[in-house]
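First, the structure itself, so that you have it in front of you.
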Amino acid sequence: MTNNSVILATILALGAMTISCGDDQKDAPQNPSVEQETTAGDVKVITTTSNRSHDLSVSYTDFSTKDNMSPSTIRLVPEETFQTMDGFGAAITGSTCYNLMRMTPENRKEFLTATFSPKDGYGFSYVRISIGCSDFSLSEFTCCDKEGIENFALTDEDTRYVIPILKEILAINPDLKIMGTPWTAPRWMKVNNLKDLQPYNSWTSGQLNPKYYADYGEYFVKWIQAMASHGIKIYSVTPQNEPLNRGNSASMYMGWEEERDFVKNGLGPALERAGLDTRVYAFDHNYNYDNIASEQSYPTKIYQDEDARKYLDGAAFHNYGGNKDELTVVHNATPGMDLVFTETSIGTWNDGQNLNARLNDDMEQVALGTVNRWCKGVIVWNLMLNEERGPNRPGGCTTCYGAVDINRDYTHMTRNSHYYIIAHMSSVVQPDAVRIGTKGFTTNGLTYTAFRNPDGSYALVMSNSGQSEVKATVDDGSHHFPVILPARSAVSLSWK
């Protein structure tokens, strides 16, 4: 269980940095912090309201000693089990690491502790990093820009920014899971298309030349081993970020048949030869498959090939197109394969710094919506960007906000909706928790899901998007207690 007295000390230390509330919350308190907690109580309650009157605020309530006669009872069904959770977190991009390294070491440590510590913070537990550059890097590069796989080497961005930050996070949370994803293969491995096979010397678009399947598989192995040499274990990879996206500052098109062939003829065998247990997730793109008819059901088509499927653990999804119900469709078609949600963004296009506009929508669509549709991990995009929404690359996203935005003097920060939704999950749902069933009370605007943690505790995460507070009773079969969800709020509960 989280020690919120320490969280308080940590966040108040950050308060000396003046954690901003953002211009959209002019009536909100200007130094949000975890409230002083009352240590007596059976159930810990963490509350955030979209107007920030509650800002990851901690309170406690007791089990009721009266018989439960409430018609508004949410009942946990522990014997009904779903997926086992890997964790929740954010992308640690080159831009994120650059911004973090501009902070003072003391302030950076306090922020990372508040974010990643399972004991003294919110317990973020799963991050995504790029293999080579992304659109939030300081330049375009791969780890093998000189032709020949023997020329593989980690880059300056890796060694100066990403690896030092990952080491600091791992010192805080040694059980952190890390996913790696490439935005492009080295340019010397790319061709214009799979018919002409002409060299394609561009960071953007192009396709992987099949003659380099083995070399590109070895590229993944060398990267995993190089990170391991720095004490950084890679938990999972995806073969290609947004394989149906020909744009972006660095990208590569990889249709489902190409990914199938690369997995079974390159990536999978290379990992197997190296004795690596790194998990591999297919696809890593949108629910609607970018509306390309031939690419519909992308991961399930790959699974039909047994030689490819044996190397895959499941599929990864983003939400920039389509509906989250596609997760259920994919799960029902292939129930033995896992699902993870690996990217979503806030930005100028969706009023991303306005918590009134974003908190409950992101809880419903991302945090709870994906978990209730079988995702065992949820990762949002950049953990931290600066107030110019960068550093970013031309051709990539220049309108994105971070889960946290920091100002130009690196002392003031704004926590946006993506920070809150991950904190509400990770602060009460431990890695290896099992999602369990619920039944009973529901009402318009109320979304929730329940878990049994490895230590035997229960967790319930809730979102109330309505304009009025919701009063309910939670019953686990042995205990029951009241809960009040303020209007437009997220509430996380945990109890033994």
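The values are calculated or read from the model by the stated rules, or taken from the named source; none is laboratory data. Fair warning: this is a prediction, and the values are worked out from it, not measured in the lab. FYI the Cβ positions are ideal-geometry reconstructions off the backbone, even for glycines, and counts take in every protein chain you see. SASA here: full protein model, heavy atoms, side chains in, ligands and nucleic acids out. Shrake-Rupley method; radii C 1.70, N 1.55, O 1.52, S 1.80 Å.
Looking only at segment 104-146, which residues are open to solvent by less than 20 Å² (accessible area, probe 1.4 Å) and free of Cβ contacts under 8 Å to residues at least 40 places away in the same chain?
Matches in segment 104-146: F141 only.
Can you name the strands (runs of 3 or more DSSP E) wholly within segment 64-163 that have at least 3 residues being small (G, A, S) and closer than 27 Å to I46 by Cβ?
Details: elements: 73-84, 87-91, 126-131.
Qualifying strands (runs of 3 or more DSSP E): 87-91.
So which residues in segment 459-496 are closer than 14 Å to S59 by Cβ and in a loop (DSSP other than H, G, I, E, B)?
Residue satisfying the conditions is P486 alone.
Which one of N245, N241 is open to solvent by 30 Å² or more (accessible area, probe 1.4 Å) and in a loop (DSSP other than H, G, I, E, B)?
Values: N241 fails: open to solvent by 30 Å² or more (accessible area, probe 1.4 Å).
Exactly one of N245, N241 is open to solvent by 30 Å² or more (accessible area, probe 1.4 Å) and in a loop (DSSP other than H, G, I, E, B), namely N245.
If you don't mind, another one. Here's a check for you: in segment 379-423, which residue that is within 23 Å of M179 (Cα to Cα) and of a type in the set (F, W, Y) is farthest from the chain's Cα centre (by Cα)?
Among residues in segment 379-423 that are within 23 Å of M179 (Cα to Cα) and of a type in the set (F, W, Y), the one farthest from the chain's Cα centre (by Cα) is Y401.
Right, here's the next one. Could you figure out which of (1) farther than 14 Å from G89 by Cβ; (2) open to solvent by 40 Å² or more (accessible area, probe 1.4 Å); (3) within 16 Å of the chain's Cα centre (by Cα) isn't true of T348?
(3)
Does segment 323-345 hold any residues that are open to solvent by 10 Å² or more (accessible area, probe 1.4 Å) and part of a loop (DSSP other than H, G, I, E, B), and which are they?
N323, K324, T334, P335, G336, M337, S345
In segment 340-391, what count of residues is obtained for those that are touching a Pro at 6+ places or on another chain (Cβ under 9 Å) and farther than 24 Å from L166 by Cβ?
Start the filter on segment 340-391 by keeping residues that are touching a Pro at 6+ places or on another chain (Cβ under 9 Å), which leaves 374, 385.
Keeping just the survivors that are farther than 24 Å from L166 by Cβ gives 374.
Result for segment 340-391: 1.
How about segment 249-304: which of its residues are part of a loop (DSSP other than H, G, I, E, B) and open to solvent by 20 Å² or more (accessible area, probe 1.4 Å)? Can you show your working first?
In the first step, residues of segment 249-304 are kept if they are part of a loop (DSSP other than H, G, I, E, B); the result is 249-252, 254-255, 274-278, 287-288, 292, 296-297, 304.
Within segment 249-304, A274, G275, L276, D277, N288, I292, Q296, S297, Q304 meet the criteria.
Can you confirm whether K310 is in contact (Cβ under 8 Å) with a residue 40 or more places away in the chain, open to solvent by 70 Å² or more (accessible area, probe 1.4 Å) and under 26 Å from R260 (Cβ atoms)?
Numbers: in contact (Cβ under 8 Å) with a residue 40 or more places away in the chain: yes; open to solvent by 70 Å² or more (accessible area, probe 1.4 Å): yes; under 26 Å from R260 (Cβ atoms): yes.
For K310, the condition - in contact (Cβ under 8 Å) with a residue 40 or more places away in the chain, open to solvent by 70 Å² or more (accessible area, probe 1.4 Å) and under 26 Å from R260 (Cβ atoms) - is met.
Regarding P174, is this residue of a type outside the set (D, E, K, R), surrounded by fewer than 24 Cβ atoms within 10 Å (Cβ to Cβ), under 20 Å from the mean Cα position of the chain (by Cα) and closer than 17 Å to F111 by Cα?
Working: of a type outside the set (D, E, K, R): yes; surrounded by fewer than 24 Cβ atoms within 10 Å (Cβ to Cβ): yes; under 20 Å from the mean Cα position of the chain (by Cα): yes; closer than 17 Å to F111 by Cα: yes.
Here the answer is yes, as P174 does meet what is asked.
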